[in-house]
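The values are calculated or read from the model by the stated rules, or taken from the named source; none is laboratory data. This is a predicted model, so every value here is computed, not measured. All Cβ positions, glycine included, derive from the backbone under ideal geometry; neighbour counts span all protein chains shown.
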Amino acid sequence: MVHPFEKPAQRWSAGHRGVDLAVPENDRHVYAPAPGKVVFSGTVVNRKVLVIAHPDGRRSTFEPMDEALPVGTTVAAGEVIGTVATPDSVGGNGERPYRRCTTACLYWGVRQGSARGDGSGKTAEYINPMSLLGSKEPSILLPVPGGY
């Protein structure tokens, strides 16, 4: 992880509403974290963005993408949904596709809730995407030197 989730104090406050993940040089593929349907695939400002609506009422957002599936595509968990754009792959305008990273990285954001219960709209809340992955190993609490 290049940059962690930082929930803002208020919905309109500054924060980092997702995580930035390092991308291996030899594999820029992006994989669906869960089954769902592509509900947005297009350019926002200067970068391509892909949004997947999941059956559990969450939405995952990925950026910057070089290639991405079209709207309406149904995906399975683990399926390739596109490739991450590299800093030199933006359409010749000289801007980096995602300013927070100096090398290729993927932003992954997750929203849930809202009036429609589908992670869309003004009342949807961002959650830490890493909390959805679960731990590969159990947590181990270690003693604190000197006690409390």
message: Looking only at region 27-42, how many residues end up being over 18 Å from Cys101 (Cα atoms) and not in a loop (DSSP other than H, G, I, E, B)?
response: 8
Scope region 56-73; condition within 25 Å of Arg116 (Cα to Cα) and in contact with a strand residue (DSSP E or B) (Cβ under 7 Å, 6 or more places away or on another chain); matching residues: Gly57, Arg58, Arg59, Ser60, Thr61, Phe62, Glu63, Leu69, Pro70, Val71, Gly72, Thr73
message: Of everything in region 7-42, what is acidic (Asp, Glu) and surrounded by 15 or more Cβ atoms within 10 Å (Cβ to Cβ)? Give them in sequence order.
response: Asp20
task: Answer yes or no: is there a residue in region 103-121 that is at pLDDT 90 or above, part of a loop (DSSP other than H, G, I, E, B) and surrounded by 21 or more Cβ atoms within 10 Å (Cβ to Cβ).
output: no
- prompt: Pro24 fails exactly one of the following numbered conditions: (1) in contact with a strand residue (DSSP E or B) (Cβ under 6 Å, 6 or more places away or on another chain); (2) outside any strand (DSSP E or B); (3) not aliphatic (A, V, I, L, M). What is the number of that condition?
  reply: (1)
message: Among the residues of region 43-53, what is the count of those that are touching a residue at least 24 places away in the same chain (Cβ under 8 Å) and not in a strand (DSSP E or B)?
response: 1
